[in-house]
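All remarks here apply to the structure that follows.
The values are calculated or read from the model by the stated rules, or taken from the named source; none is laboratory data. For clarity, every value in this text was computed on a predicted model and none was experimentally measured. Neighbour counts run over all protein chains shown; Cβ positions are idealised from the backbone, glycine included. All accessible areas refer to the heavy atoms of the entire protein, side chains included, with ligands and DNA or RNA removed. Shrake-Rupley method; radii C 1.70, N 1.55, O 1.52, S 1.80 Å.
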Amino acid sequence: MTIAIMQPYFLPYIGYLQLVKAVDKFILYDDVAFINRGWINRNRLLVNGKDHLFTVPLKDASQNKRIREVELGDDPKWRAKLLKTIEQAYRKAPFYTTVYPLLEKIVNLEVRTIAELVEGSLRELNDYLGIRTEIVPSSTVYGNDDLKAQERILDICLREKASRYINPIGGQELYDRQRFASEGIELFFIQSKRVEYPQFKNEFVPWLSIADVLMFNDVPAVQQMLDAYELV
């Protein structure tokens with residue numbers, strides 16, 4: 001059993017989906033503190049050849065709350081605004097007619113919290129891309145928030161009887177390979193290779209939302225991109 005544990009990110013960059021595809025079970029780490037100005041409720045699209053930050057508005061978001069407790073904003077107009085931005089930015093993209101309905105379904109999911117929106121969106125993206133990874137919100141299973149940092153991750157791995165844990169490359173200084181090995185678990189870090197594709201006739205802007213990747217590439221091409229990484 002190979003698992004990964006990651007905070008919920010909405011319409012994330014392709015590296016996040018690479019991590020999802022690389023494991024058997026993906027734990028949405030939704031019972032940790034919300035991160036202000038992080039990637040939980042925002043990402044970047046290509047607008048007029050440049051990266052454009054979009055944000056899903058939230059209600060009383062605070063680092064004093066856990067991610068699963070943070071509700072979507074009360075004003076539903078953000079959904080129409082985001083979809084309008086996507087339409088205007090990508091209506092001439094080669095896979096717009098296929099991908100826009102998918103994004104419309106995701107944006108209009110009838111959910112209450114940002115964690116539920118991300119979970120629902122990942123399930124839709126997995127279905128579209130043929131990813132079979134099981135998704136489990138951490139708040140629904142483990143009840144181990146008395147543990148901190150590496151020990152909490154290890155506890156989840158042990159409960160899942162995981163033999164391998166994969167973490168984003170940015171966590172290399174946070175986790176100790178020998179500590180994992182002492183519990184019979186291999187620790188790896190995922191390093192994305194550069195993924196590049198035509199974006200109209202513009203100079204390529206890397207690491208935008210998966211929405212951008214899907215607008216310019218068919219499913220077989222994206223599936224190849226999802227395997228463009230190394231484990232270190």
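With respect to N144, determine if the residue is open to solvent by less than 10 Å² (accessible area, probe 1.4 Å) and either closer than 30 Å to P76 by Cα or out of contact with any Ser or Thr (no Cβ under 8 Å at 6 or more places or on another chain) (or both). Yes, satisfied. Once the stretch 186-232 is narrowed to residues that are part of a strand (DSSP E or B) and of a type outside the set (S, T, N, Q), the residue that is surrounded by the most Cβ atoms within 10 Å (Cβ to Cβ) is L187.
Scanning the stretch 1-25 for residues that are open to solvent by less than 40 Å² (accessible area, probe 1.4 Å) and closer than 13 Å to S139 by Cα yields a total of 3. Scanning the stretch 37-76 for residues being open to solvent by less than 70 Å² (accessible area, probe 1.4 Å), farther than 18 Å from V205 by Cβ and either without any contact (Cβ under 8 Å) to a residue 40 or more places away in the chain or among the hydrophobic types (A, V, I, L, M, F, W, C) (or both) gives a total of 12.
Apart from one condition, Q150 fits all of (1) free of Cβ contacts under 8 Å to residues at least 40 places away in the same chain; (2) assigned to a loop (DSSP other than H, G, I, E, B); the exception is (2).
Would it be correct to say that G170 is part of a helix (DSSP H, G or I) and surrounded by fewer than 17 Cβ atoms within 10 Å (Cβ to Cβ)? Criteria met by G170. Among the residues making up the stretch 127-141, those that are assigned to a helix (DSSP H, G or I) and open to solvent by 70 Å² or more (accessible area, probe 1.4 Å) are D127, T140. Could you tell me which residue of the stretch 27-36 is least open to solvent (accessible area, probe 1.4 Å), considering only residues that are assigned to a loop (DSSP other than H, G, I, E, B) and among the hydrophobic types (A, V, I, L, M, F, W, C)? Looking at the filtered set, the residue picked out is F34.
Any residue that is in contact with a Ser or Thr (Cβ under 9 Å, 6 or more places away or on another chain) and within 28 Å of P137 (Cα to Cα) - is there at least one of those in the stretch 94-101? No.
Would you check which residues across the stretch 77-115 are under 21 Å from L28 (Cα atoms), among the charged types (D, E, K, R) and in contact (Cβ under 8 Å) with a residue 12 or more places away in the chain and list them? Once the filter is applied, which keeps residues that are under 21 Å from L28 (Cα atoms), among the charged types (D, E, K, R) and in contact (Cβ under 8 Å) with a residue 12 or more places away in the chain, the stretch 77-115 yields K105, R112. For the stretch 147-156, the criterion of being surrounded by 18 or more Cβ atoms within 10 Å (Cβ to Cβ) and under 30 Å from I86 (Cα atoms) is satisfied by no residue at all. Does T85 satisfy being farther than 20 Å from F216 by Cβ and surrounded by fewer than 20 Cβ atoms within 10 Å (Cβ to Cβ)? So T85 fails the test.
Working only within the stretch 96-113, note down all residues that are over 17 Å from N217 (Cβ atoms), touching a Leu at 6+ places or on another chain (Cβ under 6 Å) and open to solvent by less than 10 Å² (accessible area, probe 1.4 Å). The one that is over 17 Å from N217 (Cβ atoms), touching a Leu at 6+ places or on another chain (Cβ under 6 Å) and open to solvent by less than 10 Å² (accessible area, probe 1.4 Å): V107.
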